[in-house]
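Peer 1: Let me begin by handing over the structure; questions about it come next.
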Amino acid sequence: MAKAPSDSSALHLQIVTPARVILDTPAAWVNIPGAEGELGILPDHAPVLSTIVSGVLSFETEQGQRDVLAVHDGFFQVDRNRVTILAQAVEAKDQINRERAVKSEEEANRLMGELLAAKEKELDQAGLEDLERKVLRAQTRQALAG
């Protein structure tokens, strides 16, 4: 069961993947990589329901500790000082292998180039979008890994 915010001036951040609850904590603010762009959430924010793209999610605890996580594809909801993130995958900085992320981006870009260069085939829009998501995921990992 989710914990309630400690007072009305705090947010409550919960991050969930299909496998488990990643984080369940009070927060001073949250910055979310939304499909429409970065969205900063402070206490008493208006209700929002939107999608997440691969990107860096940042937040600050009530104690002033800042943290960042890579989040990949999903949804978020803000309602009554509760911020709920439902993501396909979440990675902490220490879980990311930068070399693997670079290779993954290179491979996805190579496959995207091949797909776009194949003039005799109809453009596979779903395949192209999948490769674009892979590139963005790899770039997010690299940005977080430093």
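All of the numbers you see were taken from the coordinates with simple rules; none came from a lab. As the structure is a computational prediction, the values presented were derived from the model and not from experiment. Positions of Cβ are backbone-derived with ideal geometry, glycine not excepted, and every protein chain shown enters the neighbour counts.
Peer 1: Name the residue, out of G55, G74, that is under 22 Å from R20 (Cα atoms), free of Cβ contacts under 8 Å to residues at least 60 places away in the same chain, out of contact with any Phe, Trp or Tyr (no Cβ under 6 Å at 6 or more places or on another chain) and surrounded by 15 or more Cβ atoms within 10 Å (Cβ to Cβ).
Peer 2: Going through G55, G74 in turn, the sole match is G74.
Peer 1: If a residue must be exposed (fewer than 14 other Cβ atoms within 10 Å of the Cβ) and under 20 Å from Q139 (Cβ atoms), how many such residues does region 77-97 contain?
Peer 2: So the answer is 4.
Peer 1: Of the conditions (1) under 17 Å from H12 (Cβ atoms); (2) in contact with a Leu (Cβ under 7 Å, 6 or more places away or on another chain), E91 clears all except one; give me its number.
Peer 2: The failed condition is (1).
Peer 1: What's the number of the condition G74 fails, among (1) of a type in the set (G, A, S); (2) more than 17 Å from T25 (Cβ to Cβ); (3) part of a loop (DSSP other than H, G, I, E, B)?
Peer 2: Single failed check for G74: (3).
Peer 1: Okay, moving on. Here is a list of conditions, (1) without any contact (Cβ under 8 Å) to a residue 24 or more places away in the chain; (2) in a strand (DSSP E or B); (3) more than 23 Å from T140 (Cα to Cα), and Q63 meets all of them except one; can you say which number that is?
Peer 2: (2) is the only condition that Q63 fails.
Peer 1: Scanning for something of a type outside the set (D, E, K, R), touching a Pro at 6+ places or on another chain (Cβ under 7 Å) and farther than 17 Å from R133 by Cβ, does region 45-56 turn up at least one residue?
Peer 2: no
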